[in-house]
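Undergrad: Structure incoming, see below.
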Amino acid sequence: MSLFLKTVPVEEAVGIAVRIARPLSPEDVPLEEAVGRVLARDVYPDLDIPGFDRSVVDGYAVVASDTTGAGESIPSFLTLLATVRMGEGAKSEVREGHCMYVPTGGAVPPGADAVVMVEDCEVIGDQVLVKRPVGIGENIVRRGEDFSRDRPALRAGRRLRPADCGVLAAIGCPTVPVFRMPRVGVISTGNELVSVHDVPGEGKVRDSNGPMIAAYLRRCGCREKTYGIVPDDREALALALRSALAENDAVFLSGGSSKDERDLTADLIGELGQVLVHGIAISPGKPTIIGRCGEKPVIGLPGHPASALVVLDRVARPLLAALSGETSRVENTVLAVLAENIPSARGREDYVRVRLEGGRAVPLFGKSGLLNTLAESDGMVRVPAGSEGLEAGTTVGVLLW
Ligand code: AMP
Ligand code: MG
């Protein structure tokens, strides 16, 4: 008999996890600290960017119609008026039959409607010989073409990347409205666990999930607070869970998540709140709990390290994104050709760790209790619940760690 009364499909579990996550309140941070944070509202430029028509090349600002028909053998002759200096506006206008030198990024003078690259010109005295025609607007970035005051430059829900920080600087946003970083309590449970600082005695193992979960949380833009190792003891676990709930926005436990008489996690979550899911149709990772205590999500991750990581990545990650206010997350994947067959049972989603070798994905079939295949793998391949496996030679998407 299955110990799980009912497993839910991965998609349903993710839906539930996302629904119970409420984004946190916004706060302002200095631009220098904004990378990796999630924008809490749309931001608009204070001015049109650029604020003036700019040349994108070193060249001569001209009236485009003056260059019609210009070629190597019959150039257009234009009189050079002046040079526009970098960081200054043009002092005069360009009229027909005339031109002005403009450096890359310099202001295009009034009257000019195109810029001819220096490579297409020859200078003889005060005459510029233009040897190629240019169309109206050629080699010019128009005022407001990059960002205009009436459109958001960046939208709420975006996790800020380095380029976005450049944008924020360009649009005059030194203080950035972001969502508060979620704080997640991490509890490792099990009588067999000792800390990284200890040498495990007979029957003991070091707690690897705690540090792995903490590291994962950090990489997802969350702060972690660890509550160490808690033995399989009802009172001790209740105490740790209560403190973690009081001090964090969500709590992740690992171990003790299956339906065994020693597995207290689900019972305790049920006592302090509600168990919404106990058992997901995923492998590895079936003994997973999704619960809620008050408004706070509580996830019971499986004890086996590979199972814990798969569930973190596939189920907890969307919850963390929702909690962070992130609405436009792009999954980090690459395509590769499967090097070997992957067998799978119908009715559950399988995640097989793979190593990338050139364009090939080599499956690493290892027990979910082993850490070495996790470290050797670059990511994993998903086998959908309705499939009996994937054949060698198939192009698959590899979900990168
Ligand atoms: P459990 O889910 O408590 O039945 O644990 C399943 C397996 O995962 C057992 O072999 C545990 O020793 C192992 N395990 C549980 N928690 C951890 C942890 N924090 N670090 C490493 N292994 C763990
Ligand atoms: Mg245990």
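A quick yes/no check of all residues on (1) open to solvent by 70 Å² or more (accessible area, probe 1.4 Å); (2) more than 30 Å from Glu93 (Cα to Cα); (3) in contact (Cβ under 8 Å) with a residue 40 or more places away in the chain:
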position: Thr7; (1), (2), (3): no, yes, yes
position: Ala13; (1), (2), (3): no, yes, yes
position: Ala21; (1), (2), (3): no, yes, yes
position: Glu32; (1), (2), (3): yes, yes, no
position: Arg37; (1), (2), (3): no, yes, yes
position: Arg54; (1), (2), (3): yes, no, yes
position: Gly59; (1), (2), (3): no, no, yes
position: Val62; (1), (2), (3): no, no, yes
position: Thr67; (1), (2), (3): no, no, yes
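Undergrad: Residue under question is Val84, and the condition is that it be open to solvent by less than 20 Å² (accessible area, probe 1.4 Å), free of Cβ contacts under 8 Å to residues at least 40 places away in the same chain and farther than 19 Å from Arg132 by Cα; does it hold?
TA: Taking the combined requirement at face value, the residue satisfies it.
Undergrad: Which of the residues that make up region 101-122 are in contact with a strand residue (DSSP E or B) (Cβ under 7 Å, 6 or more places away or on another chain) and not in a loop (DSSP other than H, G, I, E, B)?
TA: Tyr101, Val102, Ala107, Ala114, Val115, Val116, Met117, Val118, Asp120, Cys121, Glu122
Undergrad: A further question follows. Quick check: anything in region 100-120 open to solvent by 40 Å² or more (accessible area, probe 1.4 Å), of a type in the set (A, V, I, L, M), over 27 Å from Val167 (Cβ atoms) and over 37 Å from the mean Cα position of the chain (by Cα)?
TA: Yes; the residues of region 100-120 include at least one that is open to solvent by 40 Å² or more (accessible area, probe 1.4 Å), of a type in the set (A, V, I, L, M), over 27 Å from Val167 (Cβ atoms) and over 37 Å from the mean Cα position of the chain (by Cα).
Undergrad: Looking only at region 259-276, which residues are within 16 Å of ligand 2 (Cβ to nearest atom), open to solvent by less than 40 Å² (accessible area, probe 1.4 Å) and not aliphatic (A, V, I, L, M)?
TA: So the first thing to find is which residues in region 259-276 are within 16 Å of ligand 2 (Cβ to nearest atom), and the list is 259-269.
With open to solvent by less than 40 Å² (accessible area, probe 1.4 Å) added as a condition, the list becomes 263-266, 268-269.
Scanning region 259-276 gives Asp263, Thr265.
Undergrad: Moving on to the next point. Counting just the residues of region 187-218 that are among the charged types (D, E, K, R) and open to solvent by 70 Å² or more (accessible area, probe 1.4 Å), which one comes out farthest from ligand 2 (Cβ to nearest atom)?
TA: Arg218
Undergrad: Output the number of the condition that Asp150 fails; it satisfies all remaining conditions of (1) modelled with pLDDT under 95; (2) within 30 Å of Ile49 (Cα to Cα); (3) surrounded by 16 or more Cβ atoms within 10 Å (Cβ to Cβ).
TA: Evaluating Asp150 over (1) modelled with pLDDT under 95; (2) within 30 Å of Ile49 (Cα to Cα); (3) surrounded by 16 or more Cβ atoms within 10 Å (Cβ to Cβ) leaves (3) as the failure.
Undergrad: Could you look through region 165-176, keep only residues that are open to solvent by 10 Å² or more (accessible area, probe 1.4 Å) and within 18 Å of the chain's Cα centre (by Cα), and pick out the one that is nearest to ligand 1 (Cβ to nearest atom)?
TA: This residue is Cys165.
Undergrad: Out of all the residues in region 102-142, which are more than 14 Å from Ser55 (Cα to Cα), touching a Gly at 6+ places or on another chain (Cβ under 7 Å) and of a type in the set (A, V, I, L, M)?
TA: Hits for region 102-142: nothing passes.
Undergrad: Something else: Mind telling me which of the residues Gly137, Gly144 ends up being in a loop (DSSP other than H, G, I, E, B) and farther than 19 Å from Ala70 by Cβ?
TA: That would be Gly144, the only listed residue that is in a loop (DSSP other than H, G, I, E, B) and farther than 19 Å from Ala70 by Cβ.
Undergrad: Separate question: Inspect region 243-250 for any residue being within 16 Å of ligand 2 (Cβ to nearest atom), open to solvent by 20 Å² or more (accessible area, probe 1.4 Å) and not in a helix (DSSP H, G or I) and give the result as yes or no.
TA: If we filter region 243-250 for residues that are within 16 Å of ligand 2 (Cβ to nearest atom), which is where we start, we get none.
No, there is no match, as no residue in region 243-250 is within 16 Å of ligand 2 (Cβ to nearest atom), open to solvent by 20 Å² or more (accessible area, probe 1.4 Å) and not in a helix (DSSP H, G or I).
Undergrad: Return the total of residues in region 165-222 being without any contact (Cβ under 8 Å) to a residue 40 or more places away in the chain, outside any loop (DSSP other than H, G, I, E, B) and either among the acidic types (Asp, Glu) or assigned by TED's automatic domain parsing to the domain that holds Leu320 (or both).
TA: Residues in region 165-222 being without any contact (Cβ under 8 Å) to a residue 40 or more places away in the chain, outside any loop (DSSP other than H, G, I, E, B) and either among the acidic types (Asp, Glu) or assigned by TED's automatic domain parsing to the domain that holds Leu320 (or both): 8 in total.
The values are calculated or read from the model by the stated rules, or taken from the named source; none is laboratory data. No experiment lies behind these values; they were computed from the predicted model shown. When we count neighbours, we look across all protein chains shown, and the Cβ atoms used for this are built from the backbone with ideal geometry, even at glycine. Calculation scope for accessible area: heavy atoms of the full protein, side chains included, ligands and nucleic acids excluded. Shrake-Rupley method; radii C 1.70, N 1.55, O 1.52, S 1.80 Å.
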